[in-house]
Amino acid sequence: MTIRRLTGLEILDSRGCPTVRATCALASGTTGTASVPSGASTGAAEAVELRDGDPARYAGRGCRKAVANINHELNRALSGRADIATQADVDRVLAELDGTPNKARLGANAILAVSLAFARAQAVERQVPLYQHFADMLGTPIRHLPRLTINLFSGGKHAGGQVPIQDVLIVPRSARTIDEALVMASAVYAQAVALIRREYDMRWLTADEGGLAPPAASAEQLFEHAVTCIRAAGFEPGRDVALAVDVASSHFYRDGRYDLGPTPMTAQQMIAHVSGWVERFPIISIEDGLAEDDWEDWPDLCAALAGKALILGDDLLCTNPQRIQRGIEARACNALLLKANQIGTLSEALEAYRLARAANWSVTLSVRSGDTEDDWLADLAVGWTADYTKAGSLTQSERLSKYNRLLAIETERRGNMS
Ligand code: PGA
Ligand code: ZN
């Protein structure tokens, strides 16, 4: 399918920070549009978002250069070329044109927007739902819909840092459908709102992804609160609703020590500490339990928690096939957090996904803390049969657009018109 024209647009994400939207028009006249998200708790090895650096606009974070790259250089290189007709062709040319290992020249924000907009245009042209198009790209039938991991409490960089860890998520395990999972999560969330009023005498405040951000004294206190809320909502912790934790520990790793307070810990002490959490609380997944450059200690963390909790790599892996390969060889983790904008094209994200699957890893598809109303992530999670999604809390339209899309897909696939 030949591209006729690419256009870019600077839009605002859920933090009011600029990001990029691209539209891809095919020769047939069909168009596809996609918007890219943006992280705050970013990994050092992520592909680079191109920012203008003009202090007069959005404190230097404008995306006019990235948009101009779509409108000019990328449009010139990709339009009217009958030999650039598949996702693999488009993504290869995007990466080659950029020419850097981390998409720094043209911008991963410009590149991913084009990559996704082309996928959407293709799905429209083929007259298949976007999730089916993604499944066809992978070449594997959709086996089941993803399970949800939903932010309940937040700390770290997504809140005021009142607690160093980043997210406490709930996993409605006994739910049989997306619909049931959302009903259960909503009941637990309502209990957490009530708990915050009761325990802290305050209105609830939410963090970037809609997680509640009470001024708790410690991570353990957040886990205790979560268990209280699960019970209060009428569910059995662990059996009905379990917990997943994004420790995001790169952000409190200083001079080789993990500073969760009061005394900074060595990696081995941190592993014992995290293992203690998994013993005491119904935690089934630990994300970034160690820092992104602490390759030496990750295998010990993975061995310590094997069979008890998933060891999920986010900043460690950065959806980067080379880092995933290293993680597999080192037995550093057993689950991939996949964020397409960490790597910059759909084809490379697919390679990351395939590598993880070949190693029998679990895969979670994740949004970013700065996200948009675009819902492509839901289609990608369904199309690639992700085990889990991490799409934020049950507030804010940029999060709900993903849940609402999953509800629509579930209904569509059931053929249920009621
Ligand atoms: P980010 O964080 O989107 O702010 O980078 C999300 C995460 O760490 O999972
Ligand atoms: Zn993370």
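Points worth noting:
- Residue within region 17-30 that is assigned to a helix (DSSP H, G or I), away from ligand 1 (no atom under 16 Å from the Cβ) and touching a helix residue (DSSP H, G or I) at 6+ places or on another chain (Cβ under 8 Å) present: no
- In region 93-142, the residues that are outside any loop (DSSP other than H, G, I, E, B) and in contact with a Lys or Arg (Cβ under 7 Å, 6 or more places away or on another chain): D98, I111, A113, L130, H133
- Verdict on L305 being out of contact with any strand residue (DSSP E or B) (no Cβ under 9 Å at 6 or more places or on another chain), over 23 Å from K157 (Cα atoms) and among the hydrophobic types (A, V, I, L, M, F, W, C): no
- Test for A85: is it small (G, A, S), out of contact with any strand residue (DSSP E or B) (no Cβ under 8 Å at 6 or more places or on another chain), in contact (Cβ under 8 Å) with a residue 40 or more places away in the chain and part of a loop (DSSP other than H, G, I, E, B): yes
- Every condition in (1) more than 16 Å from ligand 1 (Cβ to nearest atom); (2) touching a residue at least 12 places away in the same chain (Cβ under 8 Å) holds for A248 except the one numbered (1).
- Selection count where residues are polar (S, T, N, Q) and either surrounded by fewer than 18 Cβ atoms within 10 Å (Cβ to Cβ) or free of Cβ contacts under 8 Å to residues at least 24 places away in the same chain (or both), scope region 163-205: 3
- Of all the residues in region 230-257, those that are buried (at least 17 other Cβ atoms within 10 Å of the Cβ) and either in contact with a strand residue (DSSP E or B) (Cβ under 7 Å, 6 or more places away or on another chain) or charged (D, E, K, R) (or both) number 12.
- When residues of region 304-333 are limited to those that are among the charged types (D, E, K, R) and farther than 25 Å from E279 by Cα, the one nearest to ligand 1 (Cβ to nearest atom): R323
- The residues of region 260-272 that are touching a residue at least 12 places away in the same chain (Cβ under 8 Å) and crowded, with 16+ Cβ neighbours inside 10 Å, listed by number, are L260, A267, M270, I271.
- Taking the criterion of being part of a helix (DSSP H, G or I), farther than 19 Å from L400 by Cα and touching a strand residue (DSSP E or B) at 6+ places or on another chain (Cβ under 7 Å), the only residue of region 163-220 that qualifies is I196.
- Test: residue in region 354-372 that is closer than 28 Å to E412 by Cα, within 15 Å of ligand 1 (Cβ to nearest atom), touching a residue at least 40 places away in the same chain (Cβ under 8 Å) and of a type in the set (D, E): yes
- The sole residue among A213, A217 that is on the phi < 0 side of the Ramachandran plot and out of contact with any His (no Cβ under 9 Å at 6 or more places or on another chain) is A217.
- Residues satisfying the stated conditions in region 334-348, i.e. within 15 Å of ligand 1 (Cβ to nearest atom) and either closer than 12 Å to Q322 by Cα or among the aliphatic types (A, V, I, L, M) (or both): A335, L336, L337, L338, A340, I343
Only the coordinates and a few stated rules stand behind these numbers; no lab work does. Not measured: the values here are computed from a predicted model. Because the Cβ atoms are built from the backbone with ideal geometry, glycine has one as well, and the counts that use them run over all protein chains shown.
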